[in-house]
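A short worksheet on the structure shown next.
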């Protein structure tokens, strides 16, 4: 896989991972940070492995971004609406 192809795949994947991590469940900043970190770490590991990079590094970066996103949002900021 070439570097240009990797970047074309990586950017949308990172944005999707960020969106998922910001939609983390929880009512307290701590619980949102934990769930956001877990979602981000999983997404980062998958992206790291899929792009030929290090899954561990992807998990570290994704977990950090997800935890920050979860901790910095409140339940009213990210509202996906009622369950179907």
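Each value in this text was obtained by applying a stated rule to the coordinates, not by laboratory testing. Source: prediction; values computed, not measured. As a convention, Cβ positions derive from the backbone with ideal geometry for all residues, glycine included, and neighbour counts pool all protein chains shown.
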**Complete:** For residue 74 and residue 50, extending 7 Å from Cα along the Cα-Cβ vector and measuring point to point gives, in nm, a value of 3.4 nm
**Complete:** Per its Cα gyration tensor (rounded if a/c is under 1.5, else prolate when a/b beats b/c, else oblate), region 28-73 is best filed as prolate
**For peptides 59-72, 32-45, sequence by mean Cβ density within 10 Å, most packed first** = 32-45, 59-72
